[in-house]
Amino acid sequence: MLIGEYLHSLDTKGRVNFPAKLREALGERFIITKGLDNCLFVYSYDEWKILEDKIRTLPMSKSRNLQRFLFSGAVEVEPDKQGRIVLPQNLREYASLTKDIMIIGASVRAEIWDKEKWERGCGELTSDMIAEAMDELGF
């Protein structure tokens, strides 16, 4: 399970030191693609395969836009010896990533956010919203 919240900075070449704990869970190489809410989703190969298999079971009429969205933006990354990965320009632009970013664990995937956008989104959550979601899950 991927958990935690990590503050990092992009360098001028689009590199970021990816958190060691998340690298261990994701494996030597992993997939980064466009995510919801203008963040980036990060999947291990195993989780990516599960997602791909689920999408394949859908009729083309329901899956084609999702396929285009997730697969066209996907890249395989492999951290260098210092644990850095390169985020391609198109993905940095999609997620509005400039300097300070948040890398978070989100169960079976990690997410990469612009720091300010992440903080705004967290600030919009209320206790009532969390309580309602927990009620729906039977907590």
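The values are calculated or read from the model by the stated rules, or taken from the named source; none is laboratory data. Just so you know, these numbers come straight off a predicted model, no measurement behind them. Using ideal geometry, Cβ is built from the backbone for each residue, glycine included, and neighbour counts are taken over all protein chains shown. All accessible areas refer to the heavy atoms of the entire protein, side chains included, with ligands and DNA or RNA removed. Shrake-Rupley method; radii C 1.70, N 1.55, O 1.52, S 1.80 Å.
Here are a few things to note about the model shown:
- Among the residues of the stretch 30-79, the ones that are open to solvent by 100 Å² or more (accessible area, probe 1.4 Å) and outside any helix (DSSP H, G or I) come to 2 in all.
- Filter result for residue 52 (in contact (Cβ under 8 Å) with a residue 40 or more places away in the chain and acidic (Asp, Glu)): no
- Residue in the stretch 72-91 that is closer than 21 Å to residue 2 by Cα and over 18 Å from the mean Cα position of the chain (by Cα) present: yes
- Residue satisfying all of: in the stretch 1-29; in contact with a His (Cβ under 9 Å, 6 or more places away or on another chain) and part of a strand (DSSP E or B); most open to solvent (accessible area, probe 1.4 Å) among these: 17
- Yes/no for residue 41 being under 15 Å from residue 109 (Cβ atoms), hydrophobic (A, V, I, L, M, F, W, C) and in contact with a Gly (Cβ under 8 Å, 6 or more places away or on another chain): yes
- Residue in the stretch 122-139 that is nearest to residue 22 (Cα to Cα), counting only those that are assigned to a helix (DSSP H, G or I) and open to solvent by 90 Å² or more (accessible area, probe 1.4 Å): 124
- Selection within the stretch 91-121 - outside any strand (DSSP E or B), over 18 Å from residue 70 (Cβ atoms) and of a type outside the set (Val, Ile, Thr): 96, 97, 99, 115, 116, 117, 118, 119, 120, 121
Conditions (1) in contact with a strand residue (DSSP E or B) (Cβ under 9 Å, 6 or more places away or on another chain); (2) over 21 Å from residue 27 (Cβ atoms), marked per residue:
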{"residue": "40", "(1), (2)": "yes, no"}
{"residue": "54", "(1), (2)": "no, no"}
{"residue": "66", "(1), (2)": "no, yes"}
{"residue": "77", "(1), (2)": "yes, no"}
{"residue": "81", "(1), (2)": "no, no"}
{"residue": "89", "(1), (2)": "no, yes"}
